[in-house]
Amino acid sequence: GKNCFLLMGLCGTTIYTVNGKEYVIGKNDIAFFPENTMYQGACREVPARTAMIVFEGENVSGFDEPFMFSPKKWESYESYFFNMLEKYIIADFGYKTELKAILYTLINKIIKERMLSGESERNYRKIKNSILYIHENYTDVEMSIAKAAAASGLSEVHFRRLFKEVFKTSPLSY
């Protein structure tokens with residue numbers, strides 16, 4: 001199906017095999033498995049607990065391959081997972097919209113920490129005004145890559161190259 005999986009290691013160690021590659025998820029690790037991914041999990045340590053968020057992922061650019069990482073500030077990520085769990089259990093009016101908002105905020109946080117380090121961070125700063133332009137004008141039929149590039153004072157070719165380096169996808173796909 002089109003489901004993606006975002007996992008958070010709570011305790012112990014679990015090994016997930018995805019397309020023949022092993023991902024060892026321990027406490028405080030986060031893993032992502034994209035849509036149409038077959039996976040298998042096995043506990044290495046008992047007890048082992050993993051929180052899993054299953055969601056439709058066709059709109060998640062830059063998350064085309066499985067990955068795992070250990071966040072620098074674990075507690076800030078943990079709060080997103082447990083906030084989503086609480087909203088899901090309580091299921092107040094509008095909870096599905098709240099869940100999506102939390103999920104996409106979490107995904108944005110993951111993208112920033114995973115992809116924006118070193119050279120990518122410097123390149124992000126160079127195209128930041130373009131990103132703001134895209135976010136503010138994505139519904140405008142006259143929005144263009146050329147205008148987005150101009151917002152950062154870059155040529156269209158240079159902007160596309162920097163964008164691809166930072167977000168691992170094209171501006172159009174973004």
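The values are calculated or read from the model by the stated rules, or taken from the named source; none is laboratory data. Treat the numbers as computed from the prediction; the structure is a model and nothing was measured. Neighbour counts are summed over all protein chains in view; Cβ atoms, including those assigned to glycine, are modelled from backbone coordinates with ideal geometry. Each accessible area value is taken on the protein alone, full model and side chains, heavy atoms only, with ligands, DNA and RNA left out. Shrake-Rupley method; radii C 1.70, N 1.55, O 1.52, S 1.80 Å.
Summary table below
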quantity: Check on N36, in contact with a helix residue (DSSP H, G or I) (Cβ under 8 Å, 6 or more places away or on another chain), surrounded by fewer than 17 Cβ atoms within 10 Å (Cβ to Cβ) and on the phi > 0 side of the Ramachandran plot; calculated: no
quantity: Test: residue in the stretch 122-130 that is open to solvent by 30 Å² or more (accessible area, probe 1.4 Å), of a type in the set (A, V, I, L, M) and without any contact (Cβ under 8 Å) to a residue 60 or more places away in the chain; calculated: no
quantity: Residues satisfying the stated conditions in the stretch 62-71, i.e. in a loop (DSSP other than H, G, I, E, B) and surrounded by 15 or more Cβ atoms within 10 Å (Cβ to Cβ); calculated: G62, F63, P66, P71
quantity: Single unsatisfied condition, T97 versus (1) modelled with pLDDT of 90 or more; (2) surrounded by 12 or more Cβ atoms within 10 Å (Cβ to Cβ); calculated: (2)
quantity: In the stretch 1-33, residue most open to solvent (accessible area, probe 1.4 Å) [restricted to those that are out of contact with any strand residue (DSSP E or B) (no Cβ under 6 Å at 6 or more places or on another chain) and under 20 Å from F55 (Cα atoms)]; calculated: N19
